[in-house]
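A short worksheet on the structure shown next.
The values are calculated or read from the model by the stated rules, or taken from the named source; none is laboratory data. Computed from a predicted structure; not experimentally measured. Note: ideal-geometry Cβ built from the backbone for every residue, glycine included; neighbour counts use all protein chains shown.
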Amino acid sequence: MKKILAIASGGGHWNQLMQITPAFEGCAVSYATTIDGLAQQFGINEAYLITDANRDEKLKLLLSVFKAMKILVKVRPQVVISTGAAPGFMFICLGRLFGAKTIWLDSIANGEELSMCGKLSTKVAHITLTQWKHLSDGKKILYQGAVV
(Lines give C-alpha, C1' and ligand atoms only; values in the text may rest on other atoms or scores of the structure.)
Protein backbone atom coordinates (compact mmCIF):
# COMPACT_ATOMS: atom_id res chain seq x y z
CA MET A 1 0.00 0.00 0.00
CA LYS A 2 1.46 3.36 -1.07
CA LYS A 3 2.09 5.86 1.73
CA ILE A 4 1.11 9.44 0.90
CA LEU A 5 1.69 12.60 2.88
CA ALA A 6 -0.69 15.38 1.77
CA ILE A 7 -0.02 18.93 2.98
CA ALA A 8 -1.88 22.22 2.69
CA SER A 9 -2.23 25.47 4.55
CA GLY A 10 -5.73 26.26 5.78
CA GLY A 11 -8.39 27.95 3.66
CA GLY A 12 -8.44 27.53 -0.11
CA HIS A 13 -5.30 25.38 -0.23
CA TRP A 14 -6.89 22.91 2.19
CA ASN A 15 -10.21 22.93 0.32
CA GLN A 16 -8.45 22.07 -2.93
CA LEU A 17 -6.53 19.27 -1.22
CA MET A 18 -9.81 17.85 0.08
CA GLN A 19 -11.20 17.91 -3.47
CA ILE A 20 -8.51 15.49 -4.67
CA THR A 21 -8.72 13.01 -1.78
CA PRO A 22 -10.68 10.45 -3.88
CA ALA A 23 -7.45 10.01 -5.89
CA PHE A 24 -5.80 8.63 -2.75
CA GLU A 25 -8.20 5.68 -2.43
CA GLY A 26 -6.37 2.47 -1.60
CA CYS A 27 -3.40 4.37 -0.13
CA ALA A 28 -2.30 5.01 3.43
CA VAL A 29 -2.67 8.80 3.68
CA SER A 30 -1.39 11.14 6.36
CA TYR A 31 -2.16 14.85 6.31
CA ALA A 32 -0.46 17.98 7.59
CA THR A 33 -1.97 21.43 7.87
CA THR A 34 -1.42 24.75 9.59
CA ILE A 35 -4.71 24.97 11.49
CA ASP A 36 -5.20 22.91 14.62
CA GLY A 37 -8.32 20.73 14.42
CA LEU A 38 -8.95 21.39 10.71
CA ALA A 39 -8.26 17.83 9.57
CA GLN A 40 -10.53 16.43 12.28
CA GLN A 41 -13.38 18.61 10.97
CA PHE A 42 -13.06 16.55 7.76
CA GLY A 43 -13.01 13.22 9.59
CA ILE A 44 -9.24 12.80 9.23
CA ASN A 45 -7.48 11.22 12.19
CA GLU A 46 -3.97 10.82 10.78
CA ALA A 47 -3.02 14.50 10.76
CA TYR A 48 -0.12 16.62 11.88
CA LEU A 49 0.06 20.29 12.74
CA ILE A 50 2.73 22.31 10.96
CA THR A 51 3.74 25.87 11.78
CA ASP A 52 2.43 28.37 9.26
CA ALA A 53 5.16 30.66 7.97
CA ASN A 54 6.20 32.65 4.94
CA ARG A 55 9.38 34.17 3.55
CA ASP A 56 9.02 37.20 5.85
CA GLU A 57 8.95 35.05 9.00
CA LYS A 58 12.41 33.45 9.03
CA LEU A 59 12.26 32.09 12.57
CA LYS A 60 8.82 30.52 12.04
CA LEU A 61 10.07 29.12 8.72
CA LEU A 62 12.98 27.44 10.49
CA LEU A 63 10.65 25.99 13.12
CA SER A 64 8.40 24.73 10.33
CA VAL A 65 11.36 22.99 8.65
CA PHE A 66 12.20 21.10 11.83
CA LYS A 67 8.59 20.07 12.37
CA ALA A 68 8.34 18.94 8.74
CA MET A 69 11.48 16.81 9.11
CA LYS A 70 10.07 15.20 12.25
CA ILE A 71 6.82 14.38 10.44
CA LEU A 72 8.66 12.97 7.41
CA VAL A 73 10.81 10.74 9.63
CA LYS A 74 7.70 9.43 11.38
CA VAL A 75 5.50 8.92 8.29
CA ARG A 76 8.16 7.89 5.74
CA PRO A 77 5.89 8.64 2.76
CA GLN A 78 6.53 7.36 -0.74
CA VAL A 79 4.65 10.36 -2.17
CA VAL A 80 4.42 13.93 -0.89
CA ILE A 81 1.74 16.15 -2.42
CA SER A 82 0.87 19.75 -1.64
CA THR A 83 -1.58 22.35 -2.86
CA GLY A 84 0.36 25.11 -1.06
CA ALA A 85 1.57 27.32 0.39
CA ALA A 86 5.07 27.81 1.93
CA PRO A 87 4.85 24.95 4.47
CA GLY A 88 3.74 22.63 1.69
CA PHE A 89 6.68 23.69 -0.45
CA MET A 90 9.03 22.88 2.42
CA PHE A 91 7.57 19.38 2.55
CA ILE A 92 8.15 19.05 -1.21
CA CYS A 93 11.82 20.01 -0.80
CA LEU A 94 12.39 17.81 2.23
CA GLY A 95 10.32 14.96 0.79
CA ARG A 96 12.74 14.73 -2.12
CA LEU A 97 15.63 14.46 0.32
CA PHE A 98 13.77 11.59 2.00
CA GLY A 99 13.38 9.82 -1.36
CA ALA A 100 9.67 10.48 -1.86
CA LYS A 101 8.08 11.31 -5.20
CA THR A 102 6.79 14.86 -4.99
CA ILE A 103 3.80 16.62 -6.54
CA TRP A 104 2.97 20.32 -6.36
CA LEU A 105 -0.57 21.31 -7.36
CA ASP A 106 -0.69 25.09 -7.76
CA SER A 107 -3.79 26.88 -6.51
CA ILE A 108 -6.58 27.67 -8.94
CA ALA A 109 -6.38 31.23 -7.57
CA ASN A 110 -3.17 31.69 -9.54
CA GLY A 111 -4.64 32.25 -13.00
CA GLU A 112 -2.20 34.83 -14.33
CA GLU A 113 1.02 33.11 -13.29
CA LEU A 114 2.18 30.36 -10.97
CA SER A 115 2.49 31.21 -7.29
CA MET A 116 5.98 31.87 -5.97
CA CYS A 117 6.12 28.34 -4.50
CA GLY A 118 4.68 26.99 -7.75
CA LYS A 119 7.53 28.56 -9.69
CA LEU A 120 10.06 27.19 -7.22
CA SER A 121 8.46 23.75 -7.41
CA THR A 122 9.33 23.49 -11.10
CA LYS A 123 12.94 23.15 -9.94
CA VAL A 124 12.26 20.77 -7.03
CA ALA A 125 9.08 18.71 -7.41
CA HIS A 126 8.91 15.65 -9.62
CA ILE A 127 5.61 16.96 -10.99
CA THR A 128 4.26 20.52 -10.97
CA LEU A 129 0.62 20.88 -11.92
CA THR A 130 -1.32 24.00 -12.79
CA GLN A 131 -5.09 24.30 -12.92
CA TRP A 132 -4.92 26.73 -15.83
CA LYS A 133 -4.24 25.34 -19.30
CA HIS A 134 -2.53 28.51 -20.53
CA LEU A 135 0.08 28.27 -17.73
CA SER A 136 1.22 24.80 -18.78
CA ASP A 137 4.41 24.50 -20.77
CA GLY A 138 3.85 20.78 -21.39
CA LYS A 139 7.24 19.93 -19.84
CA LYS A 140 7.86 21.18 -16.32
CA ILE A 141 4.40 22.66 -15.69
CA LEU A 142 1.57 20.33 -16.58
CA TYR A 143 -2.17 20.86 -16.91
CA GLN A 144 -4.39 17.87 -16.12
CA GLY A 145 -7.61 19.76 -15.40
CA ALA A 146 -8.91 21.94 -12.59
CA VAL A 147 -9.89 20.81 -9.10
CA VAL A 148 -12.80 23.23 -8.68
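Go through (1) more than 26 Å from HIS134 (Cβ to Cβ); (2) among the hydroxyl-bearing types (Ser, Thr, Tyr); (3) in contact with a strand residue (DSSP E or B) (Cβ under 8 Å, 6 or more places away or on another chain) and name the single condition THR102 misses.
Of (1) more than 26 Å from HIS134 (Cβ to Cβ); (2) among the hydroxyl-bearing types (Ser, Thr, Tyr); (3) in contact with a strand residue (DSSP E or B) (Cβ under 8 Å, 6 or more places away or on another chain), only one is false for THR102: (1).
Filter region 79-102 down to residues that are buried (at least 21 other Cβ atoms within 10 Å of the Cβ) and in a strand (DSSP E or B) and give me whichever is farthest from the chain's Cα centre (by Cα).
Ranking the candidates gives THR102 first.
Scan region 112-122 and tell me whether some residue there is more than 15 Å from the chain's Cα centre (by Cα) and not hydroxyl-bearing (Ser, Thr, Tyr). Please lay out each step first, then the result.
From region 112-122, those more than 15 Å from the chain's Cα centre (by Cα) are 112-113; that's our starting set.
This time we only want the ones that are not hydroxyl-bearing (Ser, Thr, Tyr), so: 112-113.
Yes: region 112-122 contains one or more residues that are more than 15 Å from the chain's Cα centre (by Cα) and not hydroxyl-bearing (Ser, Thr, Tyr).
Report, by residue number, each residue of region 44-56 that is of a type outside the set (D, E, K, R), loosely packed, with under 14 Cβ neighbours inside 10 Å and closer than 21 Å to LEU105 by Cα.
First pass over region 44-56, keeping only residues of a type outside the set (D, E, K, R): 44-45, 47-51, 53-54.
Applying the additional criterion that residues be loosely packed, with under 14 Cβ neighbours inside 10 Å yields 45.
Hits for region 44-56: nothing passes.
Residue check, LEU59 against (1) over 11 Å from ALA8 (Cα atoms); (2) hydrophobic (A, V, I, L, M, F, W, C); (3) surrounded by 10 or more Cβ atoms within 10 Å (Cβ to Cβ), all met but one. Which one?
Single failed check for LEU59: (3).
Can you name the residue in region 1-48 that is modelled with pLDDT of 95 or more, charged (D, E, K, R) and in a loop (DSSP other than H, G, I, E, B) and is also farthest from PRO87 (Cα to Cα) among such residues?
GLU25
Can you pull out the residues in region 89-114 that are modelled with pLDDT of 95 or more and small (Gly, Ala, Ser)?
Those that are modelled with pLDDT of 95 or more and small (Gly, Ala, Ser): GLY95, GLY99, ALA100.
Of all residues in region 105-142, how many are touching a residue at least 60 places away in the same chain (Cβ under 8 Å), surrounded by 16 or more Cβ atoms within 10 Å (Cβ to Cβ) and among the small types (Gly, Ala, Ser)?
Counting residues in region 105-142 that are touching a residue at least 60 places away in the same chain (Cβ under 8 Å), surrounded by 16 or more Cβ atoms within 10 Å (Cβ to Cβ) and among the small types (Gly, Ala, Ser) gives 1.
Among the residues in region 54-74, are any closer than 24 Å to GLN131 by Cα and either in contact with a Lys or Arg (Cβ under 9 Å, 6 or more places away or on another chain) or among the hydroxyl-bearing types (Ser, Thr, Tyr) (or both)?
Within region 54-74, one or more residues are closer than 24 Å to GLN131 by Cα and either in contact with a Lys or Arg (Cβ under 9 Å, 6 or more places away or on another chain) or among the hydroxyl-bearing types (Ser, Thr, Tyr) (or both).
Name the residues in region 28-43 that are in contact (Cβ under 8 Å) with a residue 24 or more places away in the chain and either surrounded by fewer than 16 Cβ atoms within 10 Å (Cβ to Cβ) or among the acidic types (Asp, Glu) (or both), would you? Full working, then the answer.
Filtering region 28-43 for residues in contact (Cβ under 8 Å) with a residue 24 or more places away in the chain gives 28-35, 38, 42.
Residues satisfying the conditions are ALA28, ILE35, PHE42.
Please work out which residue is farthest from ALA8 (Cα to Cα), limiting yourself to region 68-112 and to residues that are among the charged types (D, E, K, R) and touching a helix residue (DSSP H, G or I) at 6+ places or on another chain (Cβ under 7 Å).
Keep residues of region 68-112 that are among the charged types (D, E, K, R), which gives 70, 74, 76, 96, 101, 106, 112.
So of that shortlist, the ones also touching a helix residue (DSSP H, G or I) at 6+ places or on another chain (Cβ under 7 Å) come out as 96, 106.
Numbers: ARG96: 17, ASP106: 11 Å.
It comes out as ARG96.
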